[in-house]
Structures are given as structure tokens and as C-alpha cells.
1. May I ask for log10 I(q)/I(0) of the chain at q = 0.06 Å⁻¹, from a Debye sum over the Cα atoms as equal point scatterers with solvent left out?
2. Let me check something: with ligands and nucleic acids excluded, how do F203, F246 order by accessible area (1.4 Å probe), largest to smallest?
3. Is it possible to state the helix-based mean residue ellipticity at 222 nm for the chain, with each DSSP H run of 4+ residues giving -39500 (n - 2.57), the sum divided by total residues, to the nearest 500 deg cm²/dmol? What is it?
4. Under a no-solvent Debye model with one identical scatterer per Cα of segment 182-311, what's log10 I(q)/I(0) at q = 0.10 Å⁻¹?
5. Using protein chains only and a probe of 1.4 angstrom, how many square angstrom of Y78 are accessible, to the nearest 10?
6. Per 5 Å bin, what is the whole-percent P(r) computed from every C-alpha pair distance within segment 1-152?
7. With a 1.4 Å probe and all protein chains left in place, how much accessible area per residue does the chain have, in Å²?
8. Ignoring ligands, DNA and RNA, what percent of the 1.4 Å accessible area of the chain is carbon and sulfur?
Amino acid sequence: MDLNNFIFYGQNTIVDSLECYRQAGKIASSIREMTKKKDYIGKTLGEICEETEKEIQIRGGFPAFPVNVSLNEIAAHYTAEPNDQKTVKDGDVLKIDIGVHIDGYIADTAATICYNNDYHSLVKASENALNEGLKIAKNKSKSSDIGKAIENSIIKSGFIPIKNLSGHSLERYTIHAGKSIPNINSIGSFLLEADQAYAIEPFVTLKNGIGIVHEGKIANIFAVISRKPTKNRELDNFLNEIWNRFKSLPFALRWLMDKYDEKNARILLDNLKKKKNIHAYPILVEGKDMMVAQSEHTIIPRETFTEVITS
Ligand code: MN
Ligand code: MN
């Protein structure tokens, strides 16, 4: 057994953790609503990420992952590259996915900002599907029933779900904690538990898409998956540095630019990837390059009702 793969944190009570979740949720939702009111046309993705992440800190939270700014056919996992000059254009559909944590307790929420009249109904379909999923999501409800409600709602709107993207359970300092909340009526199923956090996040595309995402070439989001020493002093120092800053949470290449130059950081990250100390998350692109919309909330089912902590 490799003990370096195990990560220990101090214990908190359920009451403490709920308060942290609520605080994180409040910050995440206020920032999501702020981004929806902005006019990002002409702004660079770099500016949008940096501004949004700064706002998380101003409001008393910590980014749980780099802000995702995925445009058009990119469904998820695009964050700005260092000095990213790509701009938002009139006609774009921009998914902003925001993660805020307080003491490791994460609120995960996303909205789609639509600068194209042809796709307002696509965005609306993802919002409606999320609402239908939320109606079902309770203590002891079946995950497949949530998927079924989401899928039915999307089909009824005249679109199709992305089948291989799903919501997920959340644990302290862990965003994808092992359980998946499907966006389709899937075979495997589990019962939601009280006082456990889950993200629900339908992704919707056009009928002439495949409804599946593939990995793209760009990967600017990374996370430490093992602290096992590498036998290389420079790599070990780099690994310790990123662990001390981000623990097991995802980080962006641009977050390292204060201390490393881009070329060197990429080489170090590449080597740590080869040694399986870190994981890189490539962008996820719709299989036929069709437009994608996403909506997301984090919930905590309680015994008798469900708290939508990012509402
Ligand atoms: Mn998210
Ligand atoms: Mn999520």
C-alpha cells in the first residue's frame, strides 16, 4: 500500500461542514449571478478567469478549481492559458463553471451565458433540465431517477443530453468523489444520502450532435494525485510547492506563473504526469463540434428537505 496516496485532514463535525458548504455556496452563487450580468464580448478569457477568481477571494472564499470558461462546442475543462488572449465574440456561447471552497468544503455551480440568439433555447433547456433534476433529488432518491428526469426534460425541449458527462458527489477537498449523478436514465444506480453534497449538472447539445464529449489537445488544469517522492530533487520541490498551495484540488498552469516561467513549469508538470504524481484534465469537446450548454447546482439532501446551497 502506498501511504503517499492517502491524504489526511483534520476532522470537522457535520454542523461545521454544513456551515462551510453554505458559506461557499453563497459566494459561488453570488459570483455566478454577477457573471451573468456582465457583457464579456471583447474581453479575453484570461481577464475573465482572473477577475472571477479574484472576486471569489474578495468575497471570502477560495477557488476550488480554476474558473472554467468553455466556449461553444467545448463542454468543459477550459481555463485560460497563461496570458490567454482569446476573446469572447458576439455569437459565442460561454459556460462559466465556478468552484468555491471554505476549509475544503466545495460549492460547484455553473451557468451558460449566451451571446447568440440561435441558442437561447439550448441554454434554457439546460436550466429546465437542472430544475427537473432538482425536484427529484432528495434523501434516498435514486440517482437513475434524477438522470431520467433530466433526460426527459432535455428531449422534450428538442435537444439531447451529453451522455458521458455527469454530476458527482463532493467530499472535503475532493470535487469528483466517486458517485456519479447521470444526465440520462442509466443502468447503475445508488440512493442519495442525507448530509452528503452532490453536484447536478446537465449538459445539453443539438439533436445533430453525438451527445458525447471527447478529450481535446489542450490541458491547462492539473491536480496532485500522489505525493510519492520522485527521486529527482527539482521535481520533489515542485511537487511540494504545488501540494502546499492547492492540496488535492485542481490548479491552473497560470497559477504558477508568479514563481515559474511557463516553459519550465510545463516541463515539470509533464514529468510529474509521467510519474503519475499529477493528473492533467484535457478540455472536453462535443463529438461533432456542436454547441453545448450547461447548468449546475450543488445540493445537500437533509432528512426531510434538500438544500440547494448554490441557489
Ligand atoms: Mn462545475
Ligand atoms: Mn461539477
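The values are calculated or read from the model by the stated rules, or taken from the named source; none is laboratory data. Computed from a predicted structure; not experimentally measured. Note that each Cβ is placed from the backbone with ideal geometry, even for glycine, and that neighbours are counted across all protein chains shown. Each accessible area value is taken on the protein alone, full model and side chains, heavy atoms only, with ligands, DNA and RNA left out. Shrake-Rupley method; radii C 1.70, N 1.55, O 1.52, S 1.80 Å.
1. -0.19
2. Working: F203 5, F246 30 Å².
Highest to lowest solvent-accessible surface, that is F246, F203.
3. On the way: 6 runs with 96 residues, N = 311.
That calculation yields -10000 deg cm²/dmol at 222 nm.
4. -0.51
5. 10 Å²
6. In order of increasing distance, the bins hold 2, 9, 15, 17, 17, 16, 12, 8, 4, 1, 0 percent.
7. Values: 14410 Å² over 311 residues.
Per residue, the chain has 46 Å² of solvent-accessible surface.
8. Summing carbon and sulfur atoms, their accessible area is 51 percent of the total for the chain.
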